[in-house]
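Notes for the one structure printed next.
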Amino acid sequence: MGDSKFSNFDNMSLHGIDEDAELIPLLTPEDEEEMNNEVLPETLPILPLRNTVLFPGVVIPITAGRDTSINLIKDANNGSKVIGVVSQKDEATENPTPGDVNVLGTVARILRVLKMPDGNTTVILQGKKRFEIAEVLTEKPYMTATVREVTENREDQQSQEFLAIIESIKELALKIIRDNPNIPSEASFAIKNIQSNSFLINFVSSNLNLDVKEKQELLEINSLKDRALATLKYMNLELQKLELKNDIQSKVRNDLDQQQREYFLHQQMKTIQEELGGVSHDDELLEMREKAKKKKWSKKVGEHFEKELAKMQRMNPQVAEYSIQRNYLDLFLDLPWNDFSKDKFDLKRAQRILDRDHYGLEDVKKRIIEYLAVLKLRNDMKSPILCLYGPPGVGKTSLGKSVAEALGREYVRMSLGGLRDEAEIRGHRKTYIGAMPGRIVQSIKKAGTSNPVFILDEIDKLSSSHQGDPSSAMLEVLDPEQNSEFYDNFLEMGYDLSKVMFIATANNLSTIQPALRDRMEIINVTGYTIEEKVEIAKRHLLPKQLKEHGLSAKDLKIGKPQLEKIVEGYTRESGVRSLEKQIAKMVRYAATNIATEEEYEVKVSNEIVEKVLGPARLERDKYENNDVAGVVTGLAWTSVGGDILFIESILSKGKGALNVTGNLGKVMKESATIALEYIKSNADRFGIDFGVFEKYNVHIHVPEGATPKDGPSAGITMLTSLVSLFTQRKVKKSLAMTGEITLRGKVLPVGGIKEKILAAKRARIKEIILCKDNEKDILEIKKEYLKGLKFHYVTDMHEVIDIAITSQKVKNAKSL
């Protein structure tokens with residue numbers, strides 16, 4: 001018997017419907033005899049019940065929800081009040097047909113029809129006798145059928161065995177009522193007062209904790225003795241469950257601490273979740289095992305997974321480690337073990353894609369095509385580690401997408417800027433709450449293949465802290481000899497990264513750890529010339545900005561002269577990021593006029609450019625002809641590419657002091673000191689009176705004092721400026737120089753030559769002085785970049801002075 005299965009009898013048969021209702025007495029043997037003698041009508045309206053079975057003599061309340069049921073009850077209540085009640089085979093059936101209901105049911109009399117406050121109709125039914133549907137007559141508006149009575153076999157009612165069964169049923173019922181706190185104690189009074197044996201059997205059967213199918217089987221037993229035995233069997237089973245439950249509760253009640261209480265509640269939540277359609281612990285394990293069968297991992301990985309899955313199977317789902325273990329196994333299943341995308345070896349197509357997306361960058365494109373060619377021939381080559389090095393905005397990161405498309409691989413990008421926790425690379429150990437795999441493994445999981453194109457953005461901006469050194473952790477990732485077994489702390493196994501094509505990007509090689517730099521193939525992505533910038537703006541930047549602002553090519557046209565004016569007058573970077581911002585301003589000019597329905601010039605003129613962007617702001621970096629001694633043009637490398645700078649020097653009455661200004665670093669100040677000392681030691685050779693050094697102070701200044709400047713590249717420029725100053729001879733027009741000096745007057749090579757050459761060309765420089773050792777850098781630059789430039793290669797400062805300083809003295813030269 002269930003937790004509240006006697007409530008029907010307690011609330012209905014014993015006490016009536018409510019305090020004011022007419023009491024419904026217990027069924028006596030005389031009542032039963034009268035009920036058995038009633039003549040069964042030939043036809044009856046049939047009322048299907050969803051989730052219960054009505055037994056003869058038993059009173060039950062039924063809530064009618066279906067329109068057919070409500071109509072049937074209404075008609076029957078106004079008529080004979082007798083209906084046939086059958087149970088449905090499937091309670092989910094909304095509109096049962098004759099085939100959806102059981103053939104054997106119970107004739108019932110309507111005792112009371114109640115209209116409930118919520119609008120539903122509740123009918124009180126009392127079972128009379130069993131019947132069987134002979135033939136269904138109608139289905140609309142409700143089912144009617146001809147019926148025949150099904151008699152019960154009552155031959156053994158007076159036997160000692162039958163009476164013993166009845167006594168056992170009473171005893172068990174009283175025990176269940178006593179041991180089950182959910183059954184009211186008044187139910188025992190009702191059991192003791194039932195006089196009819198058949199009614200006792202039917203009443204107990206009706207209140208047993210059984211499903212509809214089992215109760216229907218009990219109803220269909222013709223022999224009363226057999227039905228009593230079956231009922232007794234179910235009662236014994238129910239009593240055993242109840243005793244076991246009470247026994248368990250009594251044992252654990254004393255030592256049920258907080259943890260056990262939470263576990264019990266979690267178990268209840270789990271059961272509720274399963275009832276609501278959730279996944280149980282066992283189902284979750286089974287699902288993981290099915291997924292594992294589809295993985296392509298090695299035998300070693302498979303054995304490790306099975307071991308970890310068995311560990312999870314033994315875990316309590318409520319402990320904190322369980323969620324970590326589940327995440328760990330989910331990661332194993334989500335990683336693309338030995339899943340590789342197929343490379344596309346159409347080199348001509350790859351070249352078209354690279355040329356379509358990026359103008360220039362010939363060295364990078366050449367290296368990618370070389371890689372594809374070798375991979376096509378060998379098909380098992382370890383992926384190289386490329387490092388694209390250059391100023392911002394030249395297309396290093398976006399190049400990775402084009403490479404991925406050309407190869408037909410997945411594209412993954414990981415930004416390393418400011419990363420200072422080694423666990424971000426290698427992952428956390430599983431012993432920590434909230435442990436996660438490193439970002440390398442997470443990115444591989446996201447890619448879905450084990451051979452993506454993997455962009456390591458801003459690798460020069462890795463930093464160290466008390467949490468470890470990420471750049472050292474990257475050594476294993478970027479070493480082709482080691483990364484076939486890259487060890488992630490969370491994964492606790494080696495993962496093969498040898499087929500991943502890593503492409504790192506950097507702005508400054510000096511901040512990259514030497515060992516890390518040694519593992520990469522450095523490809524210098526230098527700045528663009530004015531012509532290249534104009535072409536990039538025309539092909540890529542302008543169409544992109546028009547699309548982003550909701551415009552088309554017919555809404556704004558910018559010609560090459562106007563693009564060149566924007567490049568020269570409003571941007572001074574090596575890349576094209578600032579150029580894109582200026583073009584975006586021009587596009588917004590058109591968008592604003594279209595939105596406000598104002599007329600504007602679709603074809604942009606120089607005047608429109610100045611109107612929208614303002615006066616050109618960057619004329620300063622153009623070469624300035626001058627007739628002043630001591631002013632020399634130098635070439636410098638900056639974080640945004642090459643630039644020109646001016647070294648100015650002047651003499652003033654004093655005692656030979658040297659002052660250097662312009663926000664210069666230590667190296668540049670030392671270069672000024674070296675230059676002055678070299679001139680002093682070679683004064684006769686330059687035709688300078690040594691007494692000058694004792695009568696005048698020297699002041700060297702580099703304009704743009706707010707900008708920090710450092711490096712040895714301005715050494716020969718400072719020395720030339722001082723020689724020009726002391727000799728009062730001006731420097732040759734349209735000339736620039738770069739190089740380091742020594743105390744012996746030797747000229748040493750410097751870096752950033754291509755960027756400096758591009759800056760010189762932007763500034764309309766015609767001649768450039770370089771160290772002889774920098775000639776090899778010039779040979780690597782495209783000839784079109786060098787058009788209109790004349791190079792002087794020197795090894796000694798005297799050569800520089802002979803080339804740079806004219807014999808003509810400046811006007812109003814000082815008499816030193």
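The values are calculated or read from the model by the stated rules, or taken from the named source; none is laboratory data. What you are looking at is a predicted structure, and each value in this text was computed from that prediction instead of being measured. Here the Cβ is made from the backbone with ideal geometry for all residues, glycine too, and neighbour counts use every protein chain on show.
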Output for region 109-146, where each listed residue is touching a Pro at 6+ places or on another chain (Cβ under 9 Å) and among the hydrophobic types (A, V, I, L, M, F, W, C): L114, V123, I124, L125, I133, V136, M143, A145
Residues within region 421-435 that are buried (at least 16 other Cβ atoms within 10 Å of the Cβ) and either within 25 Å of Y359 (Cβ to Cβ) or not acidic (D, E) (or both), tallied: 7
Some residue of region 344-362 being of a type in the set (V, I, T) and touching a Lys or Arg at 6+ places or on another chain (Cβ under 9 Å): no
Contacts under 6 angstrom Cβ, first residue in region 332-351 being within 19 Å of L309 (Cα to Cα), partner among the aromatic types (F, W, Y), 6 or more apart: F332/F305; W337/W297
Residue in region 174-225 that is farthest from E243 (Cα to Cα), counting only those that are of a type in the set (G, A, S) and more than 60 Å from the chain's Cα centre (by Cα): S223
Subset tally (residues that are of a type in the set (D, E) and over 55 Å from the mean Cα position of the chain (by Cα)) for region 779-797: 1
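Select from region 383-422 the residues that are among the hydrophobic types (A, V, I, L, M, F, W, C), within 25 Å of the chain's Cα centre (by Cα) and over 13 Å from E458 (Cα atoms) and list them in ascending order.
Within region 383-422, L399, V403, A404, L407, V412 meet the criteria.
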Residues located in region 56-84, provided they are within 59 Å of the chain's Cα centre (by Cα) and not in a helix (DSSP H, G or I): I60, P61, I62, T63, A64, G65, R66
Filtered residue count, region 80-125, keeping only those that are at positive phi and touching a Lys or Arg at 6+ places or on another chain (Cβ under 7 Å): 1
Some residue of region 488-506 being in a helix (DSSP H, G or I) and surrounded by 15 or more Cβ atoms within 10 Å (Cβ to Cβ): no
Elements of type helices (runs of 4 or more DSSP H) contained in region 265-336, each with 2 or more residues being under 23 Å from H428 (Cα atoms), modelled with pLDDT of 80 or more and not hydrophobic (A, V, I, L, M, F, W, C): 299-314, 320-334
Tally, over region 590-615, of residues that are in contact with a Lys or Arg (Cβ under 9 Å, 6 or more places away or on another chain) and farther than 15 Å from G559 by Cα: 2
